[in-house]
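The values are calculated or read from the model by the stated rules, or taken from the named source; none is laboratory data. No experiment lies behind these values; they were computed from the predicted model shown. Virtual Cβ from ideal backbone geometry, glycine too; neighbours counted across all protein chains shown. The protein model used for the area step is the full one, side chains on, heavy atoms only, and it has no ligands, DNA or RNA in it. Shrake-Rupley method; radii C 1.70, N 1.55, O 1.52, S 1.80 Å.
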Amino acid sequence: MNIKKYVFSQMTSFLPKRYFEQLVEKSNDRTKSWSISFWNQLLVLILGQLDDCNSLRELTDITIAHSSKSYHLGFGKTPITRSTLSKANMLRDYRVFESFAYHMVNLAQQKRIDKEFDLNGTFYAFDSTAIDLCLSLYDWARFRSTKSGIKVHTQLDIRTEIPTSFTITDAVVHDVNAMDSIAYEPFACYIFDRGYFDLRRLYHINEVSSFFVIREKRRPKYEVTADEDVLEGTDNALQDQTIRFTGKRNCTNYPSEIRRIVYHSPEMNRTFTYYTNNFYLKASDIALLYKNRWKVECSSNF
């Protein structure tokens, strides 16, 4: 007889169950007395994520197939059926799970610090991921003639490579619109891909005393107010300029000076141009931030 814990139970034993139960108690949810508890539901959904299940049917088939182990896996004394799980997902207060998720994010950030990342400060990467949905079931999310979908706009802590916030929109929503949902922290730095190149929104970041780094999208017209051309040294920065936009629309949307950096990446044998309102970090550090954004982007795809 196996008296040891299952691997899944060992993994989930690190979750702060008592804190989760306190969140459940604070909620006014009327489903607390159901046979499937909030904790049972959470563990089943975690199993579905780890096992890469594509549907509730696939997930509940797995739990039913292992019904003899249900209690020891944390799913309750009776197997969870598809109708029970579906009803729980539909009717229960999602804010219980949301609050617990942010609590876990906070704990993970405190423990997972990358010692190789030696820049002081708070740095976030912001990116989106499209998730395809079945057109016949989610017609409200139509964004192509044969496809429905949503976008998950994710803010990630670059130091820890852990997501800190999410915004879900229809897939048709352009990425730049999601910038309006960001709660910008003073003196934090936000790194964007060039798909987010919107000078009005970038100037708003400047106005709230936050910083941004973004790649150039279609070279805008500008005048140079200060220039360090063809920099010497081994940091691969070719230009570090202070500029003002001269195009009528651009200078209206961003009326202040901005920093323009041209950087050569030896690893990729390519030259990149960045814009930032941070005049304190070295040009090579700005390029390092964007390089770390790429690493986070690759690790966050799902």
Practice problem: Only one of these is farther than 28 Å from H103 by Cα and open to solvent by 70 Å² or more (accessible area, probe 1.4 Å): Y138, Y196, Y222. Name it. | Solution: Y138
Self-check item: Residues of segment 249-272 satisfying the condition of being open to solvent by 40 Å² or more (accessible area, probe 1.4 Å) and under 22 Å from Y203 (Cβ atoms)
Solution: R249, N250, C251, T252, N253, P255, E257
Quiz item: If you check S68 against the conditions, is it free of Cβ contacts under 8 Å to residues at least 60 places away in the same chain, assigned to a helix (DSSP H, G or I) and open to solvent by 70 Å² or more (accessible area, probe 1.4 Å)?
Solution: yes
Quiz item: Could you count how many residues in segment 217-232 are within 19 Å of T252 (Cβ to Cβ) and either free of Cβ contacts under 8 Å to residues at least 24 places away in the same chain or among the charged types (D, E, K, R) (or both)?
Solution: 5
Practice problem: Among the residues of segment 49-78, write down those that are small (G, A, S) and in contact with a Ser or Thr (Cβ under 9 Å, 6 or more places away or on another chain). | Solution: S67, S70, G74, G76
Quiz item: All but one of (1) within 16 Å of F192 (Cβ to Cβ); (2) modelled with pLDDT of 90 or more hold for K217; which doesn't?
Solution: (2)
Quiz item: Is there a residue in segment 177-187 that is open to solvent by 50 Å² or more (accessible area, probe 1.4 Å), touching a helix residue (DSSP H, G or I) at 6+ places or on another chain (Cβ under 8 Å) and within 23 Å of N120 (Cα to Cα)?
Solution: no
Quiz item: For segment 144-158, what are the residues that are crowded, with 18+ Cβ neighbours inside 10 Å and more than 12 Å from the chain's Cα centre (by Cα)?
Solution: S148, G149, I150
Quiz prompt | Any chance N89 is at pLDDT 85 or above, closer than 23 Å to F197 by Cβ and not in a strand (DSSP E or B) | solution = no
Practice problem: Please give the helices (runs of 4 or more DSSP H) falling wholly within segment 1-53 in which 2 or more residues are in contact with a Cys (Cβ under 9 Å, 6 or more places away or on another chain) and open to solvent by 90 Å² or more (accessible area, probe 1.4 Å). | Solution: none
Exercise. Return the only residue of L85, L73, L50 being over 14 Å from W39 (Cα atoms) and hydrophobic (A, V, I, L, M, F, W, C).
Key: L50
